[in-house]
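Notes follow the structure.
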Amino acid sequence: MDRTLAAAAAFHAQPIEKKMELKVDNAMQGYLPMRGSTTRTSTLNANNKPNENEAFFVKREGEAGVTNRWPDVPGFKETTLAYYEALEALAIRMLPLYARALDLPAEYFDAKCERPFSSLRLSHYPPVPAYAENQFGIAPHTDSTFITLLAQNKVAGLQIRRQDGVWIDAPVIDGTFIVNTGDILHRWTNGRFLSTPHRAFNVSGGSRYAIPYFFHPSQETLIECLRTCRVEGEEPRFPAMTTAEYMAWFRGRNYDHLRKSAPAAAAE
Ligand SMILES: O=C(O)CCC(=O)C(=O)O
Ligand SMILES: [Fe+2]
C-alpha cells in the first residue's frame, strides 16, 4: 500500500510533458490529465464540471488487448504490478462471500471472474483551497465495478452517501481497505446490492493520492439478473450486457477522449 502510494506520488511529480507522453489511450491505459473526466454516468448529481484530479491507469498485465504503458520512474512497474496481483488475489478470495450471501454455490462467481477486466488507478488530487459550486476532486458517482478495493488514505477527503442522502466522511483506519460495491454487482443482483455513492475533495493543503483497484468480471461474462435475485414472473430491472459492453458504455460517457466514439445505447 505505502509503496504504491509512493509510486503514485513519484509518477505525478514528473513534468507534465513526461506524463503526456503516456497520454491515456482508447483502452484506458496511461495518463489521464487534470480535468480529463466528467462523471456523466452519475444519476446522483448533475455533474457538469470536470474532476480536479489527474490519474494513471494500469490494466491487467498479460490480458488480451492490454499493452500497459510504463513511465521512466524507478521501481514503478514492479511496485504497481505486485500491488495489482495482490489485490486481484484478495478480490478473488472474497467472491465466495458474495456468492453465499446471494444463496448461490460458493464458487459461483469464480469462473466468471477468471480474467478480471480490472484496473488500478493512481490518482493525484492537488490541493484546492476552495471548491467552486458543483466542483469536486472527484464528483459524486458509483463505480462501474463488481467491487472496488480502496486502500485507506493518509489524507482524508473521501465521503460516502448514506441511504438517507447524508454525506459522511469515510473514517480513516490505517492499514485497511474500503470495499465499495459497484454498478455491475448492483445490476447483477437486480438492485438488491446497492452501489456505494461516493465523492472526494482535497482541502488538506497538500497533495492527496488514491489507489483504487477496480475489480470487474471477465470481459465476456454476461451480467444478467441472478436467478436468486428475482421472484418468479418478475422482470429484470436492467438489460443483460457483457462486462465489455457495459464498460464501453460507461467509459464513453465519462472520459473526454472517448466521447466521440461512444456507443449511444444502453443508458439506464
Ligand atoms: O479518492 C478517493 O478516495 C476515491 C476515488 C474514487 O472514488 C475513484 O477513483 O473512483
Ligand atoms: Fe470511485
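Out of F117, F57, F109, one residue alone is among the aromatic types (F, W, Y), out of contact with any strand residue (DSSP E or B) (no Cβ under 9 Å at 6 or more places or on another chain) and either part of a loop (DSSP other than H, G, I, E, B) or touching a residue at least 12 places away in the same chain (Cβ under 8 Å) (or both). It is F109.
One line per residue, one yes/no per condition, for (1) in contact (Cβ under 8 Å) with a residue 24 or more places away in the chain; (2) over 21 Å from Q135 (Cβ atoms):
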residue	(1), (2)
L158	yes, no
R161	yes, no
V166	no, no
D169	no, no
V172	no, yes
N180	yes, yes
L185	yes, yes
N190	yes, yes
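Checking the stated criteria, G191 turns out not to satisfy the condition of being more than 13 Å from ligand 2 (Cβ to nearest atom) and within 16 Å of L5 (Cα to Cα). Residue count for region 137-161 satisfying the condition of being over 13 Å from the mean Cα position of the chain (by Cα), farther than 21 Å from L5 by Cα and in a loop (DSSP other than H, G, I, E, B): 0. For region 10-30, a residue qualifies if it is in contact with a Leu (Cβ under 9 Å, 6 or more places away or on another chain) and either open to solvent by 10 Å² or more (accessible area, probe 1.4 Å) or in contact (Cβ under 8 Å) with a residue 40 or more places away in the chain (or both), and the qualifying residues are F11, H12, K23, V24, N26, M28, Q29.
Which number in (1) more than 30 Å from A6 (Cβ to Cβ); (2) in a loop (DSSP other than H, G, I, E, B) marks the one condition that P171 misses? Of the numbered conditions (1) more than 30 Å from A6 (Cβ to Cβ); (2) in a loop (DSSP other than H, G, I, E, B), the odd one out for P171 is (1). Here L122 meets each of (1) in contact with a Ser or Thr (Cβ under 9 Å, 6 or more places away or on another chain); (2) among the aliphatic types (A, V, I, L, M); (3) open to solvent by 60 Å² or more (accessible area, probe 1.4 Å) with one exception, condition (3). Considering the conditions (1) open to solvent by less than 30 Å² (accessible area, probe 1.4 Å); (2) more than 16 Å from ligand 2 (Cβ to nearest atom), V172 is excluded by exactly one of them, (1). Is at least one residue of region 205-216 free of Cβ contacts under 8 Å to residues at least 12 places away in the same chain and either exposed (fewer than 15 other Cβ atoms within 10 Å of the Cβ) or not acidic (D, E) (or both)? No: region 205-216 contains no residue that is free of Cβ contacts under 8 Å to residues at least 12 places away in the same chain and either exposed (fewer than 15 other Cβ atoms within 10 Å of the Cβ) or not acidic (D, E) (or both).
Just one of L95, L104 is buried (at least 20 other Cβ atoms within 10 Å of the Cβ) and of a type in the set (A, V, I, L, M, F, W, C); which is it?
So the residue among L95, L104 that is buried (at least 20 other Cβ atoms within 10 Å of the Cβ) and of a type in the set (A, V, I, L, M, F, W, C) is L95.
The values are calculated or read from the model by the stated rules, or taken from the named source; none is laboratory data. Remember, predicted model here, so these are calculated numbers, not experimental data. Note that we place each Cβ from the backbone using ideal geometry, even for glycine, and neighbour counts take in every protein chain shown. Note: areas computed on protein heavy atoms with side chains; ligands, DNA, RNA excluded. Shrake-Rupley method; radii C 1.70, N 1.55, O 1.52, S 1.80 Å.
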